[in-house]
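Visitor: The structure is given below, and queries will be raised subsequently.
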Amino acid sequence: MSNQKKRNFQIEAFKHRVVVDPKYAEKTWSILEHAIHEIYNHNASGLSFEELYRNAYNMVLHKFGEKLYSGLVATMTAHLKEISKSIEAAQGDLFLEELNRKWNDHNKALQMIRDILMYMDRTYIPNTHKTPVHELGLNLWRDNVIHSSKIQSRLLSMLLELVHRERTGEVIDRGLMRNIIKMLMDLGSSVYQEDFEKPFLEVSAEFYMGESQKFIECCDCGDYLKKAELRLNEEIERVTHYLDVKSEVKITNVVEKEMIANHMMRLVHMENSGLVNMLLDDKYEDLGRMYNLFRRVPNGLSTIRDVMTSHLREIGKQLVTDAEKLKDPVEFVQRLLDEKDKYDSIISQAFSNDKTFQNALNSSFEYFINLNNRSPEFISLFVDDKLRKGLKGVSEEDVEIILDKVMMLFRYLQEKDVFEKYYKQHLAKRLLSGKTVSDDAERSLIVKLKTECGYQFTSKLEGMFTDMKTSQDTMQGFYASHPELTDGPTLVVQVLTTGSWPTQPSITCNLPAETSALCEKFRSYYLGTHTGRRLSWQTNMGTADIKATFGKGQKHELNVSTYQMCVLMLFNNADRLSYKEVEQATGIPASDLKRCLQSMACVKGKNVLRKEPMSKDIGEDDAFFVNDKFTSKFYKVKIGTVVAQKESEPEKQETRQRVEEDRKPQIEAAIVRIMKSRRVLDHNNIIAEVTKQLQSRFLANPTEIKKRIESLIERDFLERDNNDRKLYRYLA
């Protein structure tokens, strides 16, 4: 078998050729052409689509694809030219209906033709890179119908006319509009944009320019904004009904530009109805509408914010510089809080809690609160008023709300250390007189201050509470060691640590013999139980309860200051005393004595003394008597001291001086801290860093920083660079 020759097999084509009828292509095309005519004439029911499909298939198979394709183009073009004429002939509103009907017919015909020519669509067209049947049908419709010279401009003007009629309140056939616009979109985005969208936007801009001019002349700001909002919503609705969704941004931009952006400044400054009037009248709805419309345009929100800020600063400046409004510190702070509440409410309800508006509000408050250098004192007086009596019967939650509001104002203060000075003085008076309404509220505020400013800020305040508790234990020990004192006058002593409490000048006052002996016993007891301590009596800070019997045997218990007690006890041994005699016997400083006598002789309902001559002020020639006719419906009568709630000018100067003195070591400490870590630093950077470090407590004065630097150089903490005098070096 291996010797046999191998044979190679070869498959050959048939020897005879297949002959195609020369007229085959013509015959077959005439059948297909007739079918296309019938389809366009709505007579397709009698056609055999299977036979037509096979004919088209065979034409492509026998390489007559070009004839089939060009024949299709010619036939469809002829039909579309006829259709175009019938559409042109339609009159008035029937024009769009005829166009819509013919477009629907063309689409149905196109579907059938595509089904018949499916084989050509799948094979011949991709190979020759020709346009697919469906796309070809759309292009021919576009070129022969939509871009026909007599249809194109007429179609555009009718569409724009319908939009205008709808804008002016007429009802139009939105379904027909939607169909026509969809036809333009189906023909390609460029057709929709060029043949409709661009002219539509231009006409809209003209329409809204004219309308906005008309509105702004006859409407107030609130009404104008309502109309602008309505127009904007109408355009958005129009897009959803019959325009391309991509047109929404473009048409809303047109409305925003013509109705809002072009009139922004005029709207916000509109007389009697602009932004300032809305703010003054709490027009939340109008403000919210303005915010929502202006946020849509460039620089819209910054325009509102700037006007609001300048208005806020203006009214704030008036508030803190008006002498009338500064007379009552509590009322002054309450006005600030009311103003803050008002604008917080506007920002939350009308401005969507916008952080940039909140920041503008905060910076405005910080600006004008610090215009008045008495703001720290007034805020402390407000706290004092609330914690003395203002929070009686108020729930814990409401107390917290009030304290949080106070803390908010506190944050705006640049001179927090000044507030601390006053707060310490007021807290001391509350604690010593037992006037605080709630220990919990006091401690809560101290915790808030501690959170805000750190332990350093509140350590002395906490020390004051510790002293009060320690004093209670001390008094229990004192009476336990002196049981014989239970029958006579009762003494309650608060022992205050010098560093924790506000420094008071130690003024000696001549106490009545009964209390003087008790005080000496306490001194002996205290110094016997504590070594290395000194006691000095602060009689100007004490109070007393004394029992008094008046003319008709009327008995009262009088709650008075230590000074008032010293004066009243003198009348046990005398019926009439002159001012000079009282002053000599008590040793009370003149200013305090006058206030003390004024409160007991000149205040109606509290006048346990009477004076001659009768007047509101105390003179050095006055004489005083016990008022036998004194009556009160209460057994216990509290006689306050007439005090100026605000500090007098000399006291203010003294406090300011103490604050300035306290700042010096803090500035020096900051300079040393900075220089220790940086070693070498120039003058301007030291000023900047010290200011930044201390801003949580106060705004450091550059001149004072310079003085502290000089002081540190003198004490060899720093030295100047030999070459550059503005450069400092730290000396370890």
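Visitor: What are the semi-axes of the equivalent ellipsoid for the chain, taken as the square roots of 5 times the Cα gyration tensor eigenvalues, largest first, in whole Å?
Guide: 99, 35, 25
Visitor: Expressed as a rounded percentage, what relative contact order does the stretch 380-531 have, with Cα pairs under 8 Å and six or more residues apart?
Guide: Relative CO of the stretch 380-531 lands at 24 percent.
Visitor: To the nearest 20 debye, what charge dipole does the stretch 303-467 have about its Cα centre, counting +1 at the Cβ of each Lys and Arg and -1 at the Cβ of each Asp and Glu?
Guide: Result for the stretch 303-467 is approximately 340 debye, rounded to the nearest 20.
Visitor: Sum up the charges of everything whose Cβ sits under 12 Å from the Cβ of GLY605, counting Lys and Arg as +1 and Asp and Glu as -1, but leave GLY605 out.
Guide: Value of the local net charge: +4.
Visitor: Run through the stretch 128-225 and list the GluC sites (Glu not before Pro) located in a DSSP loop whose Cβ has at most 13 other Cβ atoms within 10 Å.
Guide: Those that pass, being in a loop and sparsely packed, are GLU170.
Visitor: Taking Cα pairs under 8 Å and at least six residues apart, what relative contact order does the stretch 303-467 come out at, in percent?
Guide: 23 percent
Visitor: Test of the criteria: in the stretch 383-487, which trypsin sites (Lys or Arg not before Pro) are in a DSSP loop and have at most 12 other Cβ atoms within 10 angstrom of their Cβ?
Guide: Answer in residue order: LYS392.
Visitor: A further question follows. Taking the dipole about the Cα centre of the chain, with the C-beta of Lys and Arg at +1 and of Asp and Glu at -1, give me whichever of LEU496, MET264, LEU319 is farthest to the positive side.
Guide: Most positive-ward Cα: LEU496.
Visitor: Roughly how large, in nm² to one decimal, is the mean projection of the convex hull of the alpha-carbon atoms in the stretch 23-145?
Guide: About 7.4 nm², averaged over all directions.
Visitor: If you roll a 1.4 angstrom probe over the protein chains with everything in place, what fraction of the accessible area of the stretch 188-285 belongs to carbon and sulfur, to the nearest %?
Guide: 51 percent
Visitor: Considering only protein heavy atoms, what is the solvent-accessible area of GLU689 at a probe of 1.4 Å, reported in Å² to the nearest 10?
Guide: The value for GLU689 is about 60 Å².
Visitor: So how tilted is helix 439-453 from the main axis of the chain? Cα-based, degrees 0 to 90, rounded to 10.
Guide: 60 degrees
Visitor: I need the fraction of alpha carbon pairs in the stretch 547-598 separated by more than 12 Å, rounded to a whole percent.
Guide: Looking at the stretch 547-598, the distances longer than 12 Å represent 66 percent of pairs.
Visitor: Using the alpha-carbon atoms, what tilt in degrees (0 to 90, nearest 10) does helix 375-385 show relative to the longest principal axis of the chain?
Guide: Long axis of 375-385 versus the principal axis of the chain: about 70 degrees.
Visitor: Find which of GLN425, SER696, THR466 sits farthest along the positive direction of the dipole of the chain, computed with +1 on the beta-carbon of Lys and Arg, -1 on that of Asp and Glu, about the Cα centre.
Guide: With unit charges placed on the Cβ atoms, the residue in question is THR466.
Visitor: Determine the sum of side-chain charges near PHE717: Lys and Arg each +1, Asp and Glu each -1, restricted to other residues whose C-beta is under 13 angstrom from that of PHE717.
Guide: +2
Visitor: Mind checking the log10 I(q)/I(0) for the stretch 303-467 at q = 0.10, 0.13, 0.20 Å⁻¹? Debye, one equal scatterer per Cα, no solvent, two decimals.
Guide: Ignoring solvent entirely, the Cα scatterers give -0.39, -0.65, -1.35.
Visitor: Viscosity 1.306 mPa s, temperature 10 °C: give me the Stokes-Einstein translational D for the stretch 543-638 in µm²/s, with Rh taken as the Kirkwood radius over C-alpha pairs.
Guide: 119 µm²/s
Visitor: Can you tell me which lysines have their Cα less than 22 Å from the Cα of LYS552? Leave out same-chain residues fewer than eight positions away.
Guide: Cross-link targets: LYS604, LYS606, LYS611, LYS629, LYS633, LYS636, LYS638.
Visitor: Only sites in a loop by DSSP and with at most 12 other Cβ atoms within 10 Å count here; which trypsin sites (Lys or Arg not before Pro) in the stretch 152-210 make the cut?
Guide: none
Visitor: A follow-up question, please. Where nothing but the Cβ of Lys and Arg (+1) and of Asp and Glu (-1) is charged, how large is the charge dipole of the stretch 412-518 around its Cα centre, in debye to the nearest 20?
Guide: 420 debye
Visitor: Could you check how much of the accessible area of the stretch 448-562 is carbon and sulfur, as a whole percent, using a 1.4 Å probe?
Guide: 51 percent
Visitor: What's the lysine pair count for the stretch 23-145 at a Cα cut-off below 25 Å, pairs eight or more apart or interchain?
Guide: 15
Visitor: Okay, next question. So in the chain, what percent of DSSP beta bridges are antiparallel if you round to the nearest 5?
Guide: Rounded to the nearest five, the antiparallel share is 85 percent.
Visitor: Work out which chymotrypsin sites (Phe, Trp or Tyr not before Pro) in the chain are exposed loop sites (DSSP not H, G, I, E or B, at most 12 other Cβ within 10 Å) and give the longest gap free of them.
Guide: It runs 15-633.
Visitor: Turning to a different aspect of this structure: Compare the Cα positions of THR562, MET614, GLY188 along the charge dipole of the chain (+1 at Cβ of Lys, Arg; -1 at Cβ of Asp, Glu; about the Cα centre) and return the one farthest towards the positive end.
Guide: Most positive-ward Cα: THR562.
Visitor: Shifting gears a bit: Compute the accessible area per residue over the chain, keeping the other protein chains in place, probe 1.4 Å, unit Å².
Guide: In whole numbers, the chain has 54 Å² accessible per residue.
Visitor: If you put +1 on each Lys and Arg Cβ and -1 on each Asp and Glu Cβ, how big is the dipole of the chain around its Cα centre, in Debye rounded to 20?
Guide: 2080 debye
Visitor: Compute the signed sum of charges (Lys and Arg +1, Asp and Glu -1) over the other residues within less than 13 Å, Cβ to Cβ, of ARG678.
Guide: Taking every Cβ under 13 Å from that of ARG678, the sum is +2.
Visitor: Stokes-Einstein diffusion coefficient for the stretch 510-570 at 10 °C in a medium of 1.306 mPa s, Rh from the Kirkwood formula over Cα pairs: what value in µm²/s?
Guide: Rounded to a whole number, D works out at 118 µm²/s.
Visitor: Scaled to the compact-protein estimate 2.2 N^0.38 Å, what is the alpha-carbon radius of gyration of the stretch 150-279, rounded to two decimal places?
Guide: 1.19
Visitor: Then there's this: Keeping the other protein chains in place, figure out the carbon and sulfur percent of the accessible area of the stretch 650-730, with a 1.4 Å probe.
Guide: Summing carbon and sulfur atoms, their accessible area is 46 percent of the total for the stretch 650-730.
Visitor: Then there's this: Compute the relative contact order of the chain as a whole-number percentage, counting only Cα pairs closer than 8 Å that sit 6 or more residues apart in sequence.
Guide: Relative CO of the chain lands at 6 percent.
Visitor: Here's something else I'd like to know. Please report how far the C-alpha centroid of the stretch 202-224 lies from that of the stretch 321-360, rounded to the nearest whole angstrom.
Guide: 35 Å
Visitor: Quick check: the angle from helix 49-61's long axis to the longest principal axis of the chain, C-alpha only, nearest 10 degrees?
Guide: Between the helix axis and the principal axis of the chain, the angle is about 80 degrees.
The values are calculated or read from the model by the stated rules, or taken from the named source; none is laboratory data. Just so you know, these numbers come straight off a predicted model, no measurement behind them. FYI the Cβ positions are ideal-geometry reconstructions off the backbone, even for glycines, and counts take in every protein chain you see. Accessible surface areas use protein heavy atoms only, side chains included; no ligands, DNA or RNA. Shrake-Rupley method; radii C 1.70, N 1.55, O 1.52, S 1.80 Å.
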